[in-house]
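Working notes, structure below.
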Protein chains: 2
Amino acid sequence: MDLAKKERLERKGWKIGSASEFLELSPEESILVQIKLALSLNLKERRKRLMTQAELAEKIHSSQPRVAKAENGDDSVSIELLIRAMLATGATLKDIGQVIAQAE
Amino acid sequence: MDLAKKERLERKGWKIGSASEFLELSPEESILVQIKLALSLNLKERRKRLMTQAELAEKIHSSQPRVAKAENGDDSVSIELLIRAMLATGATLKDIGQVIAQAE
DNA sequence: CTAGGTCATATCAGATATGATATAAAAATG
DNA sequence: CATTTTTATATCATATCTGATATGACCTAG
């Protein structure tokens, strides 16, 4: 099960433990997931204000489905792709650094 | 040719253009390279104060050669691996965010 | 209701990143 | 020096990430 699915369950009331408990991640793995999640959420926010997933996909020479996965915290998406997408929405290094620094 | 090699050449006096000119990168690709480079340099600094490449490699379940590449900006190394390595040296999210924010 | 647009999910073949290993080069140590 | 430790480079099989495509789900407007 991936994070996106977990979130959907939680929204429907299936409250369960933290991501790290649930998925049995090591502390470092858990932090990586947090970073990806923070970037995902921020990307989605930024992108929605500016363009469709298909438009963003074209900008980064990717595909709409891949952007959808990026925005939904699918763990097949690398941090690199997330950052490329953020940059394509006009995010600065400062923006990206801040998102990571504050990924709780 | 990779960045590491380029740097070695430059140290020996083969001054050439900026990374983006030389490698003909798009602006976004160029920024990604800058991020990787900044993480690399910071990682090397941190690691050297604390342990050998082999020791760090063990911590992150990788190999000494891979850590060497991570520290030398080899472009086969993902941002994920760089961050995992940073975390293993005790870097915080704030540390990592700051490095990225200030990758010039 | 339905047509169009947008987003989510599934699958896949190809590309890239990976750890392992061997070994060379370099640096530190004595 | 010579030895040992550490770091760099080369090669490789495998795992993971990739974009593409097809299609389903979900809207909203007509």
Label point 7 Å beyond Cα along the C-beta direction, distances from B:SER78 to other copies (nm, shortest first): 0.6
For segment A:87-96, Karplus couplings with θ = phi - 60° (6.51, -1.76, 1.60), whole Hz, Gly/Pro x: 4, 5, 8, x, 5, 9, 4, 4, 4, 5
HN-Hα J in Hz across segment B:71-80 - Karplus 6.51, -1.76, 1.60, θ = phi - 60°, x for Gly and Pro: 6, 9, x, 4, 7, 8, 9, 7, 4, 4
Rg/Rg_globular for segment B:44-90, with Rg_globular taken as 2.2 N^0.38 Å and Rg from C-alpha atoms: 0.97
Inter-site label distance for B:ALA54 and B:GLN102 at 7 Å from Cα along Cβ, in nm: 3.3 nm
For segment A:34-51, Karplus couplings with θ = phi - 60° (6.51, -1.76, 1.60), whole Hz, Gly/Pro x: 4, 4, 4, 5, 4, 5, 4, 4, 5, 4, 4, 4, 4, 4, 4, 6, 10, 6
Centroid-to-centroid separation of segment A:28-45 and segment B:28-72 [C-alpha atoms, Å]: 21 Å
Pseudo-label separations to other copies for B:LYS48 - Cα-to-Cβ vector, 7 Å, nm: 4.6
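All of the numbers you see were taken from the coordinates with simple rules; none came from a lab. Predicted model, so just to flag it, every value in this text is computed and none were measured. Note that each Cβ is placed from the backbone with ideal geometry, even for glycine, and that neighbours are counted across all protein chains shown.
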